[in-house]
Amino acid sequence: MNVDHSSREHSIWSSSAWEMWSRCPASALATKGIERTDSDASLRGTWMHEQAERLSRKLSIEKGSGYNTPDNLEQIQRAVDFVEQAEIQMVEDSEMFLEQRVDLGGWGHSDVYGTADVILYNEHTGMLHVIDYKFGHTPVKVEDNGQLRIYALGAIGFLEDRNRFTSTVKISIVQPMTKAGIYTDVLSADELKRWGKEVLLPAIQKAKDPNAPFLPGEKQCKWCPLSLSSSCEAQTGRVLSIFDQYKEKEDLEPDELGALLPELDLMEMWIAAKRTLALTTLERGGDVAGYKLVRKITRRKWMDEEKAEKWLAARKIPKEERTVTKVISISQAEKKLRGVLKDNAILTRNFEKLITRPTGVTTMAPLDDSREAVIVQADPLTDEFMI
Ligand code: SF4
C-alpha cells in the first residue's frame, strides 16, 4: 500500500489553515495558487504522520529517510500506542478510518476539507472519536480547536452518508513530545453542530467573500504564505501603524504595555520575514545593497573520533583524561525504564527522588497560561524586589 501524504491536494479553506482564514478572512483567497514551501519541520511532520499510518496498518517503517532516528521512531510508536488504547476503550465492533478525507459537503461547502489522521466510531453507542497527531514540543490546545472541530463535523457527515449517527464526539490531540501526551475534549454532536452553525459557517462565508478584509495578527500571519514570502501589504501597514502609534510614547501604562505585547509578536515576525527575504535573495545569487553571503563560523571537530582516541592513547594520555563519560538524561532514562517503572510504584518513587527541577528564571506569559503566577514581594528592609 502506498502511504504518501506529500502529494495530497489542499483546499484553500483547509481545516489545518483554520487559524489563518478564520482570523484573517481575506487570506484564503489572497493566497490561492501560492506554492507552499516546505520547511524541515513540515517535512518531518509529514514523514512522521506517514509512518504512524504505516504502523497502524501493520506496515513496516520506511527506511532510508533522514528522519528515521530513534527519537522520532519512539514518538511515532507512542502516538500509535495512544491510538490503540483509545481503540480499546471504544466498545467492541468499533470501526477505524485512517487518514480519512472529510469535507463539509453536508453544510454546503464541499470545498472545505481536510484529512483526519484517525477516526474511531462505534455504531452501538454513537460515539465518534477524532484523533489528530502533533509532533511538535509546544502543547496544542484541544478545547475550541477549530481545525479538529471541522474534522469532527466532516466525520459526522461522512458517517451520516453511510446511515450511521453520532451522539457524542471525542476530539483528541496525541502529542507524544509533551508531558501528558494526549489531550481530549468531549462534547455532544448537537453542541458541535451548534458551533458549526454559529461560528464555522459565518467564518466560511466571510473567507469566501472576495471583498473580505485583511486582518493581520500574530496567530493568523504565522503560517500564511504571504507573510512567509514577506509580501502582504496589509501586514506591513499594520506593523507601521503600530510603530507610529507607539514611537512617541516614552512611558507606557500597564494597559498600553499589555496591548502592545501581541503586536510586538507581529512586528518580530515581519522583521524575521524581511531578514529571510534578504538572505534568500543572496542565496539565489541576487544583490542586497551593502551585504554579501558568507559562511557561519563552525567549531572544529574530530574527523574520526575512534582514530583520534587511539592517537591520544598512543601519546599516553590516560583514558579518563582523553574520554568523557556522562550519565544519560532523565528522559533517556525514562525511555529505557518505561517497562520497568510502569506498574512499580516503589521504583517510580525512588526514581523520582533522584530528580530535581531548578527554579526557572522568570518570563512573561498571558493570563490564561496554565503555569502559576510568580508572586513578587518587596523586602521591607532593602526595598528590593524578591521573586
Ligand atoms: S499575511 Fe496576515 S494579514 Fe496578510 S493575508 Fe496573510 S494572514 Fe492576512
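Read the figures in this text as sums done on the coordinates, not as results from a lab. Since this is a predicted model, take the numbers as computed values, not measurements. Methodologically, a virtual Cβ is constructed for each residue, glycine included, from the backbone with ideal geometry; neighbour enumeration extends over all protein chains shown.
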Mean separation of Cα contacts under 8 Å (at least 6 apart) over the residue count of the chain, i.e. the relative contact order in percent, is 14 percent
Length gained if Leu347 through Glu306 is fully extended, taking 0.36 nm per residue and subtracting the Cα-Cα distance, is 11.1 nm
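When 1/r is averaged over all different Cα pairs and the result inverted, which Kirkwood radius in Å belongs to the range 218-283? Don't skip to the answer; put the middle values down first.
Values: mean 1/r = 0.0781 Å⁻¹.
The answer is 12.8 Å.
Which value in deg cm²/dmol, rounded to the nearest 500, describes the helix-derived mean residue ellipticity at 222 nm for the chain, given -39,500 (n - 2.57) per DSSP H run of n ≥ 4 and division by the residue count?
On the way: 15 runs with 164 residues, N = 387.
One gets -13000 deg cm²/dmol as the mean residue ellipticity at 222 nm.
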In the chain, taking the dipole from +1 charges on Lys and Arg beta carbons and -1 charges on Asp and Glu beta carbons about the Cα centre, the listed residue (Gly217, Ser229, Ser94) farthest towards the positive end is Ser229
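What dipole magnitude, in Debye to the nearest 20, does the range 1-144 give about its Cα centre under +1 on Lys/Arg Cβ and -1 on Asp/Glu Cβ? Intermediate results must be reported in sequence, preceding the final value.
Values: 13 positive and 25 negative charges, 94 e Å.
The calculation lands at about 460 debye.
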Highest mean packing first, using Cβ neighbours within 10 angstrom, the peptides 210-219, 224-233 sort as 224-233, 210-219
Once phi for every residue in the range 252-264 is put through the Karplus expression 6.51 cos²θ - 1.76 cosθ + 1.60 (θ = phi - 60°), the whole-Hz ³J(HN,Hα) values, with Gly and Pro written as x, are 9, 6, x, 6, 5, 4, x, 6, 6, 3, x, 5, 5
Counting sequence-distant residues (5 or more places) and residues on other chains, those with an amide H built under 5 Å from that of Glu99 are Val118, Ile119
Looks like the range 250-387, by Cα gyration tensor root eigenvalues a ≥ b ≥ c and the a/c under 1.5 rounded cutoff (else prolate when a/b is bigger than b/c, oblate otherwise), is oblate
The exposure ranking of Val376, Val142, Val288, Val83, fewest beta-carbon neighbours within 10 Å first, is Val376, Val288, Val142, Val83
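Would you kindly give the portion of the calculated P(r) for the range 251-327 that falls above 16 Å, as a percent of all Cα pairs? Write down the numbers at each step before the final one.
Values: 2165 of 2926 pairs.
Pairs farther apart than 16 Å: 74 percent.
Would you mind ranking Ile387, Ile61, Ile271 so that the residue whose beta carbon has the fewest other beta carbons within 10 Å leads the list?
Numbers: Ile387 9, Ile61 16, Ile271 12.
Least to most surrounded, the residues fall as Ile387, Ile271, Ile61.
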A student asked for the Cα radius of gyration and Dmax of the chain in angstrom ought to give 25.8, 79
Simple SL model, points at 7 angstrom along Cα→Cβ for Leu279 and Lys326; separation in nm is 2.5 nm
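If we count other beta carbons within 10 Å of each Cβ, what is the order of Lys296, Lys249, fewest first?
Working: Lys296 4, Lys249 10.
Sorted ascending by nearby Cβ count, the order is Lys296, Lys249.
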If one builds a Gaussian network model of the chain from Cα atoms under 10 Å apart, the most fluctuating residue listed among Val118, Val327, Val102 is Val327
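Give, in nm to one decimal, the length gained when the segment between Arg164 and Glu334 is fully stretched (0.36 nm per residue of separation minus the Cα-Cα distance).
Details: separation 170, 0.36 × 170 = 61.20 nm, distance 4.25 nm.
57.0 nm is the gain from fully extending Arg164 to Glu334.
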GNM on the chain, Cα springs under 10 Å; top mean-square fluctuation among Met177, Met90, Met364 goes to Met364
Two pseudo-spin positions, 7 Å from Cα along C-beta at Ser42 and at Ala259, lie apart in nanometres by 3.5 nm
Between Ser188 and Asp209, the FRET efficiency computed from the C-beta separation at R0 = 30 Å comes out, to the nearest 0.05, as 0.45
Computed for the chain: size of charge dipole around the Cα centre, +1 on C-beta of each Lys and Arg, -1 on C-beta of each Asp and Glu, debye to nearest 20, value 1920 debye
For Leu240 and Val361, extending 7 Å from Cα along the Cα-Cβ vector and measuring point to point gives, in nm, a value of 3.6 nm
Between the alpha carbon centres of the range 57-73 and the range 168-240 the gap in Å comes to 31 Å
Phi angles of the range 193-209, converted by Karplus (6.51 cos²θ - 1.76 cosθ + 1.60, θ = phi - 60°) into ³J(HN,Hα) in whole Hz with x for Gly and Pro, give 5, 4, 4, x, 6, 7, 10, 5, 4, x, 5, 5, 4, 5, 5, 9, 7
Largest fluctuation, Arg315, Arg23, Arg194 only, Gaussian network model of the chain with Cα springs under 10 angstrom, belongs to Arg315
quick shape note, the range 305-352: Cα extents on principal axes in Å, largest first -> 50, 17, 12
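Would you work out the charge dipole size for the range 305-352 about its Cα centre, treating the Cβ of every Lys and Arg as +1 and the Cβ of every Asp and Glu as -1, and quote it to the nearest 20 debye? Please list the in-between numbers first.
Working: 12 positive and 8 negative charges, 34 e Å.
The dipole of the range 305-352 has a size of about 160 debye.
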